[in-house]
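> One structure coming up, written as structure tokens, with questions to follow.
The values are calculated or read from the model by the stated rules, or taken from the named source; none is laboratory data. From a predicted model like this one, the values you see are computed outputs, not experimental measurements. As a convention, Cβ positions derive from the backbone with ideal geometry for all residues, glycine included, and neighbour counts pool all protein chains shown. Only protein heavy atoms, including side chains, enter the accessible area calculation; ligands, DNA and RNA are left aside. Shrake-Rupley method; radii C 1.70, N 1.55, O 1.52, S 1.80 Å.
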Amino acid sequence: MKVLGVKVNNHRKCFEVKVSRGLLDFPYACLSVAPTASNPVASAHVDDELGREGFTYCLKNGHEDTVHVDHVLFYNRDPAYLKKQLLFELTAEARQCLKRSKLSKREVIRRLGTSASQLYRLLDPTNYRKSVDQMLALLTVLGRAVELSFSDQEPAA
């Protein structure tokens, strides 16, 4: 996701990051190079060197740092971002299970009732067009149980 713009809001102690889904806040408390009252944020700009997938800010004393859009999306609990993270984790687990499995890829394909190209799409960590239920089916075929748990969310810091 691209960052379309970023504004400094020293009054609220946060950056206002504009992305295609709207305006997201990112508080100074989440920064690794944090501003202080005597050393506030002087400027911020979308970073072209990151392919516009982040922004760089500069403090009054000249120190600067960069924030990737993924940090902003994680802090704001963006549902699309969290789904991508879940798919990535399921894919990583499926790839490990397939390596350890005594099943051949042909047998996995047969048990899933799918094609070889579909199996390779499921195992591709950069493919986010797959569904969670497809990944659960693959993990089940590979003999891996997936448990779902719920907990109260703490605000990200």
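> Select from 142, 91, 9 the residue farthest towards the positive end of the dipole of the chain; place +1 on Cβ of Lys and Arg, -1 on Cβ of Asp and Glu, and compute about the Cα centre.
Comparing the listed Cα positions along the dipole, 142 ranks first.
> Which value, in debye to the nearest 20, describes the size of the charge dipole of the chain about its Cα centre when Lys and Arg Cβ atoms bear +1, Asp and Glu Cβ atoms bear -1, and nothing else is charged?
880 debye
> Taking a quarter of the surface of the convex hull around the Cα atoms of the chain, what do you get in nm²?
One quarter of the hull surface, i.e. the mean projection, equals 11.7 nm².
> Using a 1.4 angstrom probe, figure out how much accessible area the chain has per residue, in square angstrom, rounded to the nearest whole.
Result: 65 Å² of accessible area for each residue.
> Please report the net charge: other residues with Cβ closer than 14 Å to the Cβ of residue 39, K and R +1, D and E -1.
Working: positive: 13, 60; negative: 64, 65.
Cβ neighbours under 14 Å give a net charge of 0.
> Using r as the Cβ-Cβ distance of residue 106 and residue 128, and R0 as 25 Å, what FRET efficiency do you calculate, to the nearest 0.05?
The computed FRET efficiency comes out at 0.45.
> Considering only protein heavy atoms and a probe of 1.4 Å, how much of the accessible area of the chain is carbon and sulfur, as a whole percent?
So the carbon and sulfur contribution to the accessible surface is 51 percent.
> Within the set of other residues whose C-beta is less than 10 Å from the C-beta of residue 143, count the net charge using Lys and Arg as +1 and Asp and Glu as -1.
On the way: positive: 100, 102, 144; negative: none.
Residues close to residue 143 contribute a combined charge of +3.
> Right, something else. Compute the signed sum of charges (Lys and Arg +1, Asp and Glu -1) over the other residues within less than 11 Å, Cβ to Cβ, of residue 78.
Details: positive: 21, 77, 83, 84; negative: 70.
Around residue 78, the surrounding residues sum to +3.
> How far is helix 132-141 tilted off the main Cα axis of the chain, in degrees rounded to 10, range 0 to 90?
Tilt relative to the chain: about 40 degrees.
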